[in-house]
Amino acid sequence: MLVKSDRLGLVSPQRFYIDQEIYLPSINEIIIVNASIRKNSVDLSENEAKIAYNIKYNVIYRDSAHIDSKEDQFERTFNMKIPELALNKLIDFDISILNIEYTGTINLKIRAEIEIKGFKVIESEIILPDIDSDILVKTMTSSVEEIVQIKDNNFKVTGEFVIKEGLSKILLDDSRIIINKVQYRTEICTVEGECLINVIYLSDGNICTRHFPIKFNEECLIPLDAPIEISCMGEVVDCEIIVDCESIEKESTTIKISLTGKIKGFGIISKDVNFPVDAYSLIQELNLKFDDYEIQKNNCINVKNEKIKGVIHLNDDDVRIRSILATTAPYISIIEISNTDGLSIDGIVTLNVIYLNKNDEISTELAEIPYHITLDKELDKFINPIIGRMLITDTNVRGKHNDEIEINLELDIVILGVKTDHIKYIKSIKENGVIINNESAISIYVTKKDETLWDVAKALKTDPEKLLIQNPELKTTVRDGEKVILYRGLKTNL
């Protein structure tokens, strides 16, 4: 019998740099440079993946008269070598920006550090032997798992919001999708979550920011019967913000948001397999060959509302904080993952803070916050844990004591991992000839510690049912030193 199983494997993260030049002819001062990235498509071939993505740059700057912004988008591709890639199995990638640097003004040169990481499904299989019906077999039941992809589900949400202070121009926007709840019923899973849209805009010449949440409830097809676990993630495909031109000159402004998102993921199904772990025959001597099989249990852990806190101290007395105006979406990078004593993650969160200083001038501060997150100690049992995603779900920034910026972040973490166990099973059975029966009509066997009824029957070359009939006081687990009697019918040759 052929037994197949799947396990989650890490796609080794790859980091690289992208350089881009943006021309700004009328610039006096750069206020902020931001970049965001989205995956467009993945084409798989043998041991390789071609990833197409879109990178968007936003520059907020000041010219001779006022504050303005420029947006440029570029299509790029990246090829990744991936060993053990099965084309018919799930593979997923997450692409993110870790950091950006820039230099210049009119000819602005931007360097973005990009990371692509993900997971793949690795298949394994063994063949269990076909065993003749006259051989007594002891089996151990264990479950093997298959990972099946959820069919990608695109959805669209819309929302209408009023900005009471008015809006003259949108300078920058970014969006993300948060999954809050996943429920399964026959071949359908219901996914609940929200789309978060962060908008930085101008209002009466001032920089302002707002966060707009839009809830969603979507259904996805999943061709599984009673999965033991489902993991879903959300990706933004496109986000369009339309400003109501008729309201733009009024005290309040109406904006309409239309966001297209994608839900993707996988389900894990489990199937029980009876592994032969021992065997004997009443008529044949047997030669058993054993092998070791690694039983792999896939796990997906969703950690909600982990907190990161940092304080940035401004050393220059001339730039004391009067008020916080806006922040860009944080970049989050992982430096090290350790699972020696619980699962811990170390890294850096980077974001730009725009604030008004004591002279009523706009200033910016690049905040780099190191973090150390320690999770449940049970997670240290994972073999090569995979951080499927780290997503900032809430950002709170405030000025403190006029010379400090306090930053509080909340994030969700998706952790994929494999726990392993081992089973020693019979790989092959060879018959070595007929058993020569020189035994007496009555045999008495004294049991040893930790023996079972199977062990006693094997030693006496009989079947367990016969021992139970002749020794009704016996149980499946026998006691140490217990006497077991076997009566055999005498055979005579006349």
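On inspection, Ser143 passes the criterion of being among the polar types (S, T, N, Q), assigned to a strand (DSSP E or B), under 23 Å from Asn298 (Cα atoms) and touching a residue at least 60 places away in the same chain (Cβ under 8 Å). Of the residues contained in segment 296-306, one or more are found to be of a type in the set (Asp, Glu) and either closer than 30 Å to Thr327 by Cα or buried (at least 18 other Cβ atoms within 10 Å of the Cβ) (or both). In segment 180-191, the residues that are loosely packed, with under 13 Cβ neighbours inside 10 Å form Cβ pairs under 9 Å with partners that are acidic (Asp, Glu) and in a strand (DSSP E or B), at six or more places apart or across chains, as follows: Lys181/Glu192; Gln183/Glu192; Ile188/Glu219.
Does any residue of segment 349-366 turn out to be free of Cβ contacts under 8 Å to residues at least 24 places away in the same chain and surrounded by fewer than 16 Cβ atoms within 10 Å (Cβ to Cβ)? The answer is yes; a qualifying residue exists.
When residues in segment 125-136 are screened for being part of a strand (DSSP E or B) and surrounded by 16 or more Cβ atoms within 10 Å (Cβ to Cβ), 3 of them pass. Residues that are assigned to a strand (DSSP E or B) and among the polar types (S, T, N, Q) were ranked within segment 395-439; the one that is nearest to the chain's Cα centre (by Cα) is Thr420.
Among the residues here, Asn198 does not qualify as touching a residue at least 24 places away in the same chain (Cβ under 8 Å), closer than 12 Å to Val157 by Cβ and not small (Gly, Ala, Ser). Can you confirm whether Asp376 is out of contact with any Lys or Arg (no Cβ under 7 Å at 6 or more places or on another chain) and at pLDDT 90 or above? Spelling it out, it is not the case that Asp376 is out of contact with any Lys or Arg (no Cβ under 7 Å at 6 or more places or on another chain) and at pLDDT 90 or above.
Results for (1) under 30 Å from Asn305 (Cα atoms); (2) surrounded by fewer than 19 Cβ atoms within 10 Å (Cβ to Cβ); (3) touching a residue at least 12 places away in the same chain (Cβ under 8 Å), shown as yes or no for each residue.
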| residue | (1), (2), (3) |
| --- | --- |
| Glu404 | yes, yes, yes |
| Glu431 | no, yes, yes |
| Leu453 | no, no, yes |
| Val456 | no, no, yes |
| Asp463 | no, yes, yes |
| Leu467 | no, no, yes |
| Gln470 | no, yes, yes |
| Arg479 | no, yes, yes |
| Leu486 | no, no, yes |
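Residues that are modelled with pLDDT of 85 or more, surrounded by 13 or more Cβ atoms within 10 Å (Cβ to Cβ) and over 20 Å from Asn305 (Cβ atoms) within segment 410-427 comprise Ile423, Lys424, Tyr425, Ile426, Lys427, listed in sequence order.
The lone criterion from (1) within 29 Å of the chain's Cα centre (by Cα); (2) surrounded by fewer than 12 Cβ atoms within 10 Å (Cβ to Cβ) left unmet by Ala65 is number (1). Just wondering, is there one or more residues in segment 261-280 that are in the same structural domain as Leu136 (by TED's automatic domain parsing), surrounded by fewer than 18 Cβ atoms within 10 Å (Cβ to Cβ) and among the polar types (S, T, N, Q)? Checked segment 261-280: at least one residue is in the same structural domain as Leu136 (by TED's automatic domain parsing), surrounded by fewer than 18 Cβ atoms within 10 Å (Cβ to Cβ) and among the polar types (S, T, N, Q). When the test is whether a residue is within 30 Å of Ala35 (Cβ to Cβ) and either within 24 Å of the chain's Cα centre (by Cα) or at pLDDT below 90 (or both), Gly159 does not pass it. So, in segment 204-226, of the ones that are assigned to a loop (DSSP other than H, G, I, E, B) and without any contact (Cβ under 8 Å) to a residue 60 or more places away in the chain, which residue ends up farthest from Cys300 (Cα to Cα)? Ranking the candidates gives Asp204 first. Among residues of segment 76-94 that are closer than 19 Å to Phe266 by Cα, those with a beta-carbon under 6 Å from a residue that is in a loop (DSSP other than H, G, I, E, B) and at pLDDT 70 or above at least six positions away or on a different chain give the pairs Leu85/Asn47.
Listed by first and then second residue, the pairs linking a residue in segment 268-293 that is closer than 15 Å to Ser133 by Cα to a residue that is surrounded by 14 or more Cβ atoms within 10 Å (Cβ to Cβ) and among the polar types (S, T, N, Q), with Cβ atoms under 8 Å apart and 6 or more places separating them unless they lie on different chains, are Pro276/Thr139; Leu282/Thr462.
Could you say whether any residue in segment 206-227 is farther than 30 Å from Glu361 by Cβ, of a type in the set (D, E, K, R), modelled with pLDDT of 90 or more and touching an Asp or Glu at 6+ places or on another chain (Cβ under 7 Å)? Yes - at least one qualifying residue is present in segment 206-227.
The values are calculated or read from the model by the stated rules, or taken from the named source; none is laboratory data. No experiment lies behind these values; they were computed from the predicted model shown. Cβ coordinates were reconstructed from backbone atoms using ideal geometry, including for glycine residues, and neighbour counts include every protein chain displayed.
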